[in-house]
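Remarks on the structure that follows.
The values are calculated or read from the model by the stated rules, or taken from the named source; none is laboratory data. Nothing here was measured: the structure is a model prediction, and the numbers come from that model. Because the Cβ atoms are built from the backbone with ideal geometry, glycine has one as well, and the counts that use them run over all protein chains shown. Areas reflect the complete protein model, heavy atoms only, side chains present, ligands, DNA and RNA absent. Shrake-Rupley method; radii C 1.70, N 1.55, O 1.52, S 1.80 Å.
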Amino acid sequence: MQVLMAAFLVWTLLSPQGRGGEAWPTHTACRDESLQVLYQSCDALQDFGLSVDQCLKQLKPNTHIRFGIILREDIKELFLDIALFSKGLSILNFSYPICEVDLPKFSFCGRRKGEQISYAGPVFNPGFEIPEGEYQVLLELYNQDHSTVACANATILCS
């Protein structure tokens, strides 16, 4: 029963009709011969830009990304939630504080509504090889008030 509930939740979040409107276009974050990462904003009001500099099955510990968005909310604090699924089954759930009041990790911490975030730099991770398969990733950035700053449905295709 839990598997069916999780599958329904993923389908609802990934379905543009579940949000009651037109979906944002699907963007390519990166692509090479054996790996492709696609994403689509799941925020009904706003799209954003994201790219990964090197698209490798062997994820490097300091992968460089580019990210841009205009803020609809202040970000005194900013958190990232990641949920990874394969074949409708949850594989990983992860939460990470990006900006904390006493420990701002990035220059955009503390930005206010209407300002632009533009980040180009490393994202630190343990580094690992992505196994063959198709994966769905739900990403949500939210602030201290639990207001969504950005949200994405991503698909990872690895062969």
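Table for the structure above
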read-out	value
Sole residue being under 17 Å from residue 145 (Cβ atoms) and of a type in the set (Phe, Trp, Tyr), chosen from 67, 94, 79, 106	79
Of all residues making up region 28-44, the number that are touching a strand residue (DSSP E or B) at 6+ places or on another chain (Cβ under 9 Å), open to solvent by 20 Å² or more (accessible area, probe 1.4 Å) and over 18 Å from residue 120 (Cβ atoms)	6
Residue match in region 62-76 (condition: touching a His at 6+ places or on another chain (Cβ under 8 Å), aliphatic (A, V, I, L, M) and either over 18 Å from residue 30 (Cα atoms) or open to solvent by less than 90 Å² (accessible area, probe 1.4 Å) (or both))	no
Condition check for residue 141: within 18 Å of residue 38 (Cα to Cα) and out of contact with any Lys or Arg (no Cβ under 9 Å at 6 or more places or on another chain)	yes
Selection status of residue 87, closer than 24 Å to residue 159 by Cα and basic (Lys, Arg)	yes
Candidate set from region 88-125 (those that are at pLDDT 90 or above and of a type in the set (Asp, Glu)); member that is most open to solvent (accessible area, probe 1.4 Å)	115
One residue from 85, 128, 79 being surrounded by 12 or more Cβ atoms within 10 Å (Cβ to Cβ) and out of contact with any helix residue (DSSP H, G or I) (no Cβ under 8 Å at 6 or more places or on another chain)	79
Hits in region 92-110 (condition: touching a residue at least 12 places away in the same chain (Cβ under 8 Å), in contact with a strand residue (DSSP E or B) (Cβ under 6 Å, 6 or more places away or on another chain) and of a type outside the set (Ser, Thr, Tyr))	93, 94, 97, 98, 99, 108, 109
Some residue of region 98-113 being closer than 20 Å to residue 58 by Cβ and β-branched (Val, Ile, Thr)	no
So residue 55, is it over 19 Å from residue 28 (Cα atoms), without any contact (Cβ under 8 Å) to a residue 40 or more places away in the chain and open to solvent by less than 30 Å² (accessible area, probe 1.4 Å)	no
